[in-house]
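What follows is one structure encoded as structure tokens, with my remarks underneath.
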Amino acid sequence: MRIDIITIFPDYFAPLELSLIGKARAAGILDIRVHDLRSWTYDRHKTVDDTPYGGGPGMVMKPEPWGEALDAVTAPAETAAAPPVPPAAPGPRLILPAPSGVPFTQVHAERLSDEPWLVFACGRYEGIDARVVDDAWERMPVEELSIGDYVLAGGESATLVMVETISRLMPGVLGNADSAVQDSFAPGAMENLLEGAVYTKPPVWRGREVPPVLLSGDHGAVDRWRRDEALRKTARNRPELLREIPENHLDQHDQDVLRGARLQVGSESVAD
Ligand code: ADE
């Protein structure tokens, strides 16, 4: 997959040289290119923002540098062959991180991990002049995505979050492909349940034992215990996710575990 990132802070993306993503780049699975928006400014101060029409606080990113940057970054590669041939590979998809975007979820990440080419446009200040999106739509699909109901200083950290989430789903990026299958929120994993507690050696640490079932070698019992833990954790941290599970996906044992979890949450709130 090719990923282009346009930003006024290219250094922000140094972490994409590390760890799994760094290795995927070295292996040629990911081709990440970071571009400085200011390369498409022509004044002495390399200006990328201006005051908003209609008044109000803050500054808005100017359309000209963005328009030129997107044109340059998404231009089909020039080939020596004279007659222009239609591009063989599908073109880019533009992602605009914004607090006003559609909430980004694992479902988006799964879908976007199949794309051949993503372009992230990192806005700052009060955002980018809206005509840039309308203009981009003429040439490529555009998605405005938010990583949560809070306001960051710019789209850079949201882009890092999305690039990492998408990249680790691509074949060959994770060491063990099964680890993505078991993720909380992975489609088809334990539907809508959060991943419960995990343990490793030693079996006793500071007097705390690993739950004995995990050492029992009884795979059925381990699966049951993991599901119980997932149910309890979801009830505690994200009770709204449980309401989305169809009733016939919860057996009698599940319902007993949830009843116990609810009683516990109830008694905690009384104690508070
Ligand atoms: N830019 C600023 N806040 C953001 C958010 N919550 N998600 C995506 N991009 C943003």
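The values are calculated or read from the model by the stated rules, or taken from the named source; none is laboratory data. Keep in mind it's a predicted model, so treat the numbers as computed, not measured. Note: ideal-geometry Cβ built from the backbone for every residue, glycine included; neighbour counts use all protein chains shown. Side chains are part of the model used for accessible areas, which takes the heavy atoms of the whole protein and leaves out ligands, DNA and RNA. Shrake-Rupley method; radii C 1.70, N 1.55, O 1.52, S 1.80 Å.
Name the residues in region 143-155 that are touching a residue at least 40 places away in the same chain (Cβ under 8 Å) and either touching a Pro at 6+ places or on another chain (Cβ under 7 Å) or near the ligand (Cβ under 8 Å from one of its atoms) (or both), would you?
Our first condition is that a residue be touching a residue at least 40 places away in the same chain (Cβ under 8 Å); within region 143-155, this holds for 143-152, 154-155.
Across region 143-155, the qualifying residues are L145, S146, I147, G148, D149, Y150, V151, L152, G154, G155.
Quick check on my filter: what residues within region 97-113 are open to solvent by 40 Å² or more (accessible area, probe 1.4 Å) and either over 14 Å from the mean Cα position of the chain (by Cα) or under 12 Å from G154 (Cβ atoms) (or both)? Residues satisfying the conditions are P99, S100.
Kindly indicate the residue of region 6-65 that is assigned to a loop (DSSP other than H, G, I, E, B) and either within 23 Å of R168 (Cβ to Cβ) or among the aromatic types (F, W, Y) (or both) and also most open to solvent (accessible area, probe 1.4 Å) among those meeting that condition.
First, the residues of region 6-65 that are assigned to a loop (DSSP other than H, G, I, E, B): 8-9, 18, 27-30, 41-48, 51-59, 62.
Add one more test, that the residue is either within 23 Å of R168 (Cβ to Cβ) or among the aromatic types (F, W, Y) (or both), and what stays is 9, 18, 27-30, 42, 53.
Details: F9: 88, L18: 110, A27: 73, G28: 61, I29: 45, L30: 6, Y42: 166, Y53: 217 Å².
Looking at residues that are assigned to a loop (DSSP other than H, G, I, E, B) and either within 23 Å of R168 (Cβ to Cβ) or among the aromatic types (F, W, Y) (or both), I get Y53.
Among all residues of region 182-190, there is none that is of a type in the set (D, E) and not in a loop (DSSP other than H, G, I, E, B).
Among the residues of region 222-234, is any out of contact with any Leu (no Cβ under 6 Å at 6 or more places or on another chain), on the phi < 0 side of the Ramachandran plot and not in a helix (DSSP H, G or I)? No; the residues of region 222-234 include none that is out of contact with any Leu (no Cβ under 6 Å at 6 or more places or on another chain), on the phi < 0 side of the Ramachandran plot and not in a helix (DSSP H, G or I). Taking every residue in region 156-173 that is outside any helix (DSSP H, G or I) and at pLDDT 95 or above and pairing it with any residue that is among the aliphatic types (A, V, I, L, M) and open to solvent by 10 Å² or more (accessible area, probe 1.4 Å), at least 6 positions away or on another chain, the pairs with Cβ-Cβ distances below 7 Å are R168/L20; R168/L174; R168/A180; L169/A180; M170/M1; M170/I29.
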